[in-house]
Amino acid sequence: MKFLSSILLLVFSITIAYGQDSAVIKGHISRLNDHNISIQYKEDGKRKKIVVPCTAGEFEVTLSVAHALEVNIYPEKYFDNAVQIKGSKSYLIAPPLLLFVAPGDVITVEGDAMQLWTATTTGGQFSKQLAQFNKSFVPLTTAIFNLSSKQQNWKNQDLQDSIKKVREEIRGLASDKKRIVMDYITAYPDNLFSLNLFTQRMGGLSTDKVNDIYNQFPVDLQQSFYGTAVKDFMTKNENAALGKEMIPFSGKSLTGEAIHSSDFRGKYLLLDFWGSWCQPCRKSHPHLLALYNKYKSQGFEIVGIAQERGSDPISSWKKAIKEDDINWIHLLNNQQKEKQDLVSEYHVSAFPTKILIDPTGKIIWKGIGNAGNELDSKLAELFGE
């Protein structure tokens, strides 16, 4: 049976690699307990998943890789280190092992299924860069997962005081994690792994910051797959940059009313890109509602443009609007994206994103993520206190 499994795995590997550049990932994972390995990565913008058979913790797979790419490895359906969410079939699962795999690589993994994200990896063109990055990144990943597991256990027991205490600690560590990523990107603008990380973080940065960091990378990296992605991002971002004319839009509102961007000429219009699943978006709504009520009579209008997830986006959208009691105009991007994808056209790559348009139709302010008091200051400047 072991011989047959080896033959099947060999045929499977050859099938994946046929006609393309390839890379091999292999190794041994202890305490896997007869589980398989899940290999996940993106190809042409789409998420791919391969389940690799394991025998006594040993595995080997050959991936087709046209260029260097990020690969995540999980134990498949492995819940020994997970915390089940009370009243649900879902689990808080452990982080994956992060690899950066290039054509021609042979990467060996040695680790423990209970802490696979801390596994030792050898081989591969980017092993040194990844090891340097992981010195700071992995300990924070471990700390956040341990605290999140505690938090979920306390949620299951409805221990609210304990939950609040650990929540702030997790937020602090998550901020440290983001800082470490950006520090690595700016410290090592000479390697492709750093540029790959940058493509994942640029959506939350200002246009000027993206341009500054991109220009630090050498020309050969700027012309790579990831460099081209950044350049494309900047080009699209320029279409919705400050001082540009707003991109015309139309659609049907929550109440079924036909909406067109020209309806708002003569007013200051805020486009609020959000989603019911986005906690920072939802947390911004009470204050945004206060601003709306304060300035509406002076010519301030808001159009909420939601991008929903899940199998029933309409229900999630309507429920969140009702719960947050936000009484401005609402469009659901999911409903109209085949006709006009506003998230794509306005190049929204992080939620929430807020875009302010003046009465002549020009973009005069943009806030990504938690923009602090910037919107308050801008509106006070325009309308007066």
Quick check: is even one residue across segment 310-330 within 27 Å of Thr207 (Cβ to Cβ) and modelled with pLDDT under 90?
no
Being among the acidic types (Asp, Glu) and more than 30 Å from Phe233 (Cα to Cα) narrows it down to one residue among Asp376, Asp325; which is it?
Asp325
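For every residue, the table says whether it meets (1) under 30 Å from Phe225 (Cβ atoms); (2) out of contact with any strand residue (DSSP E or B) (no Cβ under 7 Å at 6 or more places or on another chain); (3) open to solvent by less than 30 Å² (accessible area, probe 1.4 Å); (4) aromatic (Phe, Trp, Tyr).
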site	(1), (2), (3), (4)
Glu70	yes, no, no, no
Ala82	no, no, yes, no
Gly87	no, yes, no, no
Gly104	yes, no, no, no
Thr121	yes, no, no, no
Gln132	yes, yes, no, no
Leu147	no, yes, yes, no
Lys150	no, yes, no, no
Of all residues in segment 44-59, how many are surrounded by 11 or more Cβ atoms within 10 Å (Cβ to Cβ), in a strand (DSSP E or B) and under 30 Å from the mean Cα position of the chain (by Cα)?
6
Looking at (1) open to solvent by 60 Å² or more (accessible area, probe 1.4 Å); (2) touching a residue at least 24 places away in the same chain (Cβ under 8 Å), find the lone condition where Pro189 falls short.
(1)
Out of the helices (runs of 4 or more DSSP H) lying entirely within segment 223-340, which hold 1 or more residues that are buried (at least 17 other Cβ atoms within 10 Å of the Cβ) and in contact with a Lys or Arg (Cβ under 7 Å, 6 or more places away or on another chain)?
313-324
Pairs where the first residue, in segment 202-216, is touching a residue at least 40 places away in the same chain (Cβ under 8 Å) and the second is hydrophobic (A, V, I, L, M, F, W, C) and crowded, with 17+ Cβ neighbours inside 10 Å, C-beta under 7 Å, 6+ apart:
Met202/Val210; Met202/Val230; Met202/Phe233; Gly204/Ile368
Could you go through segment 155-168 and let me know if any residue there is within 22 Å of Asp21 (Cα to Cα) and either in a helix (DSSP H, G or I) or not aliphatic (A, V, I, L, M) (or both).
no
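A quick yes/no check of all residues on (1) of a type in the set (Ser, Thr, Tyr); (2) over 20 Å from Lys283 (Cβ atoms):
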{"position": "Ser315", "(1), (2)": "yes, yes"}
{"position": "Lys319", "(1), (2)": "no, no"}
{"position": "Asp325", "(1), (2)": "no, no"}
{"position": "His330", "(1), (2)": "no, no"}
{"position": "Gln340", "(1), (2)": "no, yes"}
{"position": "Ser344", "(1), (2)": "yes, yes"}
{"position": "Ile368", "(1), (2)": "no, no"}
Residues satisfying the stated conditions in segment 341-381, i.e. part of a helix (DSSP H, G or I) and polar (S, T, N, Q):
Ser344, Ser377
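The values are calculated or read from the model by the stated rules, or taken from the named source; none is laboratory data. Just so it is clear, the model here is predicted, and its values are computed rather than measured. Positions of Cβ are backbone-derived with ideal geometry, glycine not excepted, and every protein chain shown enters the neighbour counts. Calculation scope for accessible area: heavy atoms of the full protein, side chains included, ligands and nucleic acids excluded. Shrake-Rupley method; radii C 1.70, N 1.55, O 1.52, S 1.80 Å.
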